[in-house]
Amino acid sequence: MPNLVEQVIRPEILRLSPYHVPSSSGMIKLDAMENPYSLPEALQEEIAQLITTISANRYPDSNSVSLKFSLREAMEIPMGMDIMLGNGSDEIIQIIASALARPGAVLMSVEPAFVMFRMIATYTNMEYIGVPLKADFSLDLDLMLDAITKHQPAVIFIAYPNNPTGNSFDVEAVSRIIESAPGVVVVDEAYHAFAGSSFIDKLSEHPNLLLMRTLSKLGLAGLRLGFLTGRPEWLLQLEKVRLPYNVGVLTQEVTRKILQYPDVLQQQVDAIKAERVVMSKYLNVLDGVEAFPSDANFILFRVSEASQIFSALKQRNILIKNLDGAHPLLKNCLRVTIGTPDENKQFLQALQECIMKIGN
Ligand SMILES: *Cc1c(COP(=O)(O)O)cnc(C)c1O
C-alpha cells in the first residue's frame, strides 16, 4: 500500500529538510544575529505593568494602527509610503511570494544570500533563481542583468547588508538592478541598524521598489515583528494576502512601549558596532583567519578546517554558524554574531586555541 503522506504532500516539500535550529542551552550563543543585551530593568517593569492591562480574550487590532504610527516616527518612513506588518520579516517574504506566484513565476536572489528566499520560493511554488556573487561577495552586475533578461523575475530579493556575507552591495549596482527589473525588487534591510546607508529615500524614485526591515536584529527577535514599506498601490494588494491577526497583541503593545525609548536600543546598537571593530581587528590578526568586512551585527570569516573548528568551539560551549558547504563561495567560512565584550573575548580566546590545536 502506498504511503498516504507521500501521496498527498507535494514532492518538493517531501524533498526539503526541516529548518534546523540547533539547541543552545547553556552555550555562549553567537549563531543567530541576536542582540546580546536585555532591556533595562525599569523598562522591563513598565512592560510587566503594561501586560496587566492587555485583553488577551480579544483579537488584536488587525490594522495595528497605533504600532504603525510609532514605527512611522521611529523609522522615519517617508510621507506617502504605506507600512505592512509581518510576524517577523520572514512572513513578509512569504506574503510577497504568495501574491506573485503565478504559474512559472520566478523569484530571484543572489547566492550566497538569506536562505529563506529560496525556501519560500519552494513553499509558494515559485521558480527560484540564485545568481552567484563574485568571490569577494560583491554583486556580479553583468551576470545579474543577464539573468534578469533571461528569467524575467516577478520579484528580486536583495539583502542590504547581505546575510551571510555581511557586506553592503554597491548602491549604483543595486539601482541598476531595480531599473532593469521587469517586476518588483525588495531591498531587505534586516541589518539596517548596523549599516551606514539605506534605500528608503529611493522609494520615491523607483515605482517597483519595496523596502523591508525587521526589529529582530535590533534587539526584539522574540517579539517577531517585521515590516514592509512602499507605495500604497503595492501594499494594498499585499495586504489582501496577510492573515488578519498575524501580529499579536503582546507584540503590538510591547513594541510600542519600547519604541517610546529609542535611546535604549540605539545604545545597544552602538555597543555592538564598537565591538564589531574590535572583533574584526582581532580576527584578522589571528594566524590563518580572513575576516570579511561587515556592515551588520555579525562577521563572516574564513579559516582552514572550518568545520572542525566549528565543532571544537561547540565542544567548548560556543555556538556560531558553520557555513562550510552551504555554497561553493563559502568554503571554510564561519559566521559569528557580535555578542557582549565578555562573550566575544571568550570566543576569540577559544578560537585561537582551536586553531592552534587543529593546526593550519
Ligand atoms: C534575519 C533575517 C530576516 C528575518 O528576520 P525576522 O526575524 O523574520 O524578522 C530577513 N532577512 C534577512 C536578510 C535576515 O538576515
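Does any residue of region 107-122 turn out to be open to solvent by 60 Å² or more (accessible area, probe 1.4 Å) and touching a strand residue (DSSP E or B) at 6+ places or on another chain (Cβ under 9 Å)?
Checked against the condition, which is being open to solvent by 60 Å² or more (accessible area, probe 1.4 Å) and touching a strand residue (DSSP E or B) at 6+ places or on another chain (Cβ under 9 Å), region 107-122 yields at least one hit.
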Which listed residue is within 14 Å of the ligand (Cβ to nearest atom), closer than 20 Å to L218 by Cα and under 22 Å from the mean Cα position of the chain (by Cα), from E111, E91: E91
Residues of region 1-36 satisfying the condition of being without any contact (Cβ under 8 Å) to a residue 24 or more places away in the chain and among the hydrophobic types (A, V, I, L, M, F, W, C): M1, L4, V5, V8, I9, L14, V21
Sole residue being modelled with pLDDT under 95 and either touching a Cys at 6+ places or on another chain (Cβ under 8 Å) or assigned to a helix (DSSP H, G or I) (or both), chosen from Q7, Q49, Q44: Q7
Candidate set: region 44-88, residues that are on the phi > 0 side of the Ramachandran plot and in contact with a strand residue (DSSP E or B) (Cβ under 6 Å, 6 or more places away or on another chain); chosen: the one farthest from the ligand (Cβ to nearest atom): S64
Residue in region 259-282 that is under 30 Å from C333 (Cβ atoms), acidic (D, E), open to solvent by 70 Å² or more (accessible area, probe 1.4 Å) and not in a helix (DSSP H, G or I) present: no
Of all residues making up region 202-241, the number that are closer than 20 Å to A296 by Cα and surrounded by fewer than 17 Cβ atoms within 10 Å (Cβ to Cβ): 2
Yes/no for S311 being out of contact with any strand residue (DSSP E or B) (no Cβ under 7 Å at 6 or more places or on another chain) and open to solvent by 30 Å² or more (accessible area, probe 1.4 Å): yes
T255 among the hydroxyl-bearing types (S, T, Y), within 15 Å of the ligand (Cβ to nearest atom) and open to solvent by 10 Å² or more (accessible area, probe 1.4 Å): no
Some residue of region 186-194 being free of Cβ contacts under 8 Å to residues at least 60 places away in the same chain and in contact with a Lys or Arg (Cβ under 6 Å, 6 or more places away or on another chain): yes
Qualifying residue in region 308-319 (condition: in a loop (DSSP other than H, G, I, E, B) and within 21 Å of S23 (Cα to Cα)): yes
Residue match in region 287-301 (condition: in contact with a strand residue (DSSP E or B) (Cβ under 7 Å, 6 or more places away or on another chain) and modelled with pLDDT under 95): yes
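Yes/no per residue for (1) under 17 Å from N162 (Cα atoms); (2) part of a helix (DSSP H, G or I):
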residue: G325; (1), (2): no, no
residue: R335; (1), (2): yes, no
residue: G339; (1), (2): no, no
residue: N344; (1), (2): no, yes
residue: L348; (1), (2): no, yes
residue: E353; (1), (2): no, yes
residue: K357; (1), (2): no, yes
Cβ-Cβ under 6 Å pairs, at least 6 apart or on other chains, region 213-240 side at positive phi, far side more than 16 Å from the ligand (Cβ to nearest atom) and in a helix (DSSP H, G or I): G219/Q268
Residue list for region 200-235, restricted to those being part of a helix (DSSP H, G or I), within 11 Å of the ligand (Cβ to nearest atom) and touching a strand residue (DSSP E or B) at 6+ places or on another chain (Cβ under 8 Å): S216
Verdict on Y128 being open to solvent by 10 Å² or more (accessible area, probe 1.4 Å), within 27 Å of L16 (Cα to Cα), touching a helix residue (DSSP H, G or I) at 6+ places or on another chain (Cβ under 6 Å) and within 16 Å of the ligand (Cβ to nearest atom): yes
Of the criteria (1) crowded, with 21+ Cβ neighbours inside 10 Å; (2) closer than 23 Å to D188 by Cα, which one V303 fails: (2)
Residue, surrounded by the fewest Cβ atoms within 10 Å (Cβ to Cβ), within region 166-190, restricted to residues that are under 20 Å from the mean Cα position of the chain (by Cα) and acidic (D, E): D170
Cross-chain or 6+ apart pairs with Cβ under 8 Å, region 37-63 first and over 30 Å from T337 (Cβ atoms), then of a type in the set (A, V, I, L, M, F, W, C) and open to solvent by 60 Å² or more (accessible area, probe 1.4 Å): I54/L250
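The values are calculated or read from the model by the stated rules, or taken from the named source; none is laboratory data. Please read all numbers here as calculations on a predicted model, not as lab measurements. Here the Cβ is made from the backbone with ideal geometry for all residues, glycine too, and neighbour counts use every protein chain on show. The protein model used for the area step is the full one, side chains on, heavy atoms only, and it has no ligands, DNA or RNA in it. Shrake-Rupley method; radii C 1.70, N 1.55, O 1.52, S 1.80 Å.
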